[in-house]
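Chemist: Structure incoming, see below.
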Amino acid sequence: MPKPHRRAATAALFVASAIVVTACTGGAEDGGPRGTLTFTDSFGFPENLFPAIAAGNSPAVTNTLIRILPAPFRTLPDYTIGVDENLIVGEPTLNVTATRQIVTYRINPDAVWSDGIEITADDFAFTWDLQHSSDPADGGCPALLSTVGYDQIESVEGSDAGKTVTVTYRAPFPDWKALYTLFPAHIMDTGDDVSNCTAVTRGWPIGTGIPDDISGGTWQLLAENIDQNSQVLSLTPNPRWYGAGPLLQRLNFQTVGREPSVLLGALQSGEADLIYPSPQLDMIRRVQALAPDVVSQTDFGLVFDHLDLNTANVHLAKPEVRAAFGLALDRAEIVEVTVGAIDDRAKVLNNRFHVNNQPQYVDTAPERYNARDVEAARGQLESVGYVLGSDGVYAHPTDGRLALQLSTLPNDPLRADTIAVVAAQVREAGFDIEPVIDRDIFVGANAATSLESAVSTSLCSRGSHRRTCPATCPCTGPGARRTTPACTMPRSTTCSIS
């Protein structure tokens, strides 16, 4: 089933107090890290820090852990994907045949966790074993956000005292560079699948932090540096870091809220040195008015907007309905009247793995969805029994009227505008869309309108994903699996199609 729609590239706004940031840039050349930088964005304070479950699936967690948990590849400032030369020696070797894919990594002999234990093939093997399946019968864990890629691995073997890692996939897996944010086996592996799953399900609640304050990267987040009352995470240099830097003595992640006035107030008062608000026309004008005391930049990053289809919904469970929705969209118009109003360079995104401003970007979208086709959308609906009603909305003889909710988070006018445009477009193809502003989209399966909820009837606009790895399709639930380019899953499974 082709993917019904693709993502639109989005501008990002960075704002910094020029005076404060300049004062913080001294460091290693004059005796080691010094200075503190406080960063805030429009994301909420995390409730859980474990990135492999829904509770920890937030940009705030990603931003915090990106240089705490090591990974073979990282996104570089020019948006290319490059080897982390601190962790990996040389370029990993890739050998692809018709039936196998073998990747070999050589770990830096000096690479250690913050407690002095070496980073080895055991950590690669455990990271795979922890995420290889969501089926308990297969030693998996239902709480996992995704098993994509790990479920394609056949074996992980170590040699050279654990400093060479050979990963064998059962079939070619093109997104292999996105895998292996490493978890410390010597701390997390109990040796029992059930116990490991229990720990995964619980995650890393913010109140207790990361187990043993462990880090394999530049920074370390000590439990004592988590201030829930003030909503501040303070990162300090990892004393066992085996690479260069960092230049700062402390890096604070401060949560102040999503409202533009609050973010700007934090910058003006000195509570924050650097802010990353959601780009809005009014926000940009207000920031520019603060020059020259404040320096701002609006540009494209690894940010995109997308629509996620809840396939637990009785209508969206049908591939034909999802196809009809995609065919009814005029994505170029959506971009033009939303993010295009901020930066006219914005374009429709037609690649699952790379955004438009990355050198690796090529258009790989099915031509079927490159242009709007309302008649084809209607044909898809009618092919599975939908009948057009007198009100212009289709209905199914057993599943009822084609009425859905389209949700986004509060305090985001740009995406509220996106919802309005999308709703008007698909209405012409017989969809009835109710716009919903919902702060519970990401709170967990206990909330009826959450993306995780099996009873949710929403078609959700999640807003921007900020990731350092290519996009994946995080299917969850027994029997869910990734295919290309979509997901296959039982009707009871919820899958977020990004």
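Chemist: Report the per residue volume, in Å³, of the convex hull enclosing the C-alpha atoms of the range 73-194.
Modeler: Working: hull volume 15.1 nm³, N = 122.
Given the Cα convex hull of the range 73-194, per-residue volume reads 124 Å³.
Chemist: Something else about it: Could you tell me the distance between the Cα centroids of the range 246-295 and the range 330-364, to the nearest Å?
Modeler: The range 246-295 and the range 330-364 have Cα centres spaced 26 Å from each other.
Chemist: Which loop-located GluC sites (Glu not before Pro) does the range 332-440 contain, where loop means any DSSP state but H, G, I, E or B and the Cβ has at most 16 other Cβ atoms within 10 Å? Kindly include the intermediate steps, with their values, before the conclusion.
Modeler: On the way: sites: Glu333, Glu336, Glu367, Glu375, Glu382, Glu428; in loops: Glu428.
For GluC sites (Glu not before Pro) across the range 332-440 that sit outside H, G, I, E and B with at most 16 neighbouring Cβ atoms in 10 Å, the list reads Glu428.
Chemist: If we count every other residue with Cβ under 11 angstrom of Pro435's Cβ, Lys/Arg +1 and Asp/Glu -1, where does the sum land?
Modeler: Every neighbour counted, the sum reads -2.
Chemist: Of the listed peptides 410-416, 293-299, what is their order by residue-averaged count of other C-beta atoms within 10 Å, with the highest listed first? Numbers along the way, then the final one.
Modeler: On the way: 410-416: 17.3, 293-299: 15.0.
My ranking of the peptides, most packed first, is 410-416, 293-299.
Chemist: Counting other C-beta atoms within 10 Å, and keeping those with at most 14, which DSSP coil trypsin sites (Lys or Arg not before Pro) do you find in the range 132-215?
Modeler: Working: sites: Lys163, Arg170, Lys177, Arg202; in loops: Lys163, Arg170.
Counting only loop positions with at most 14 other Cβ atoms within 10 Å, the trypsin sites (Lys or Arg not before Pro) in the range 132-215 are Arg170.
Read the figures in this text as sums done on the coordinates, not as results from a lab. The shown structure was predicted, so the numbers you read here are calculated from the model rather than taken from an experiment. Methodologically, a virtual Cβ is constructed for each residue, glycine included, from the backbone with ideal geometry; neighbour enumeration extends over all protein chains shown.
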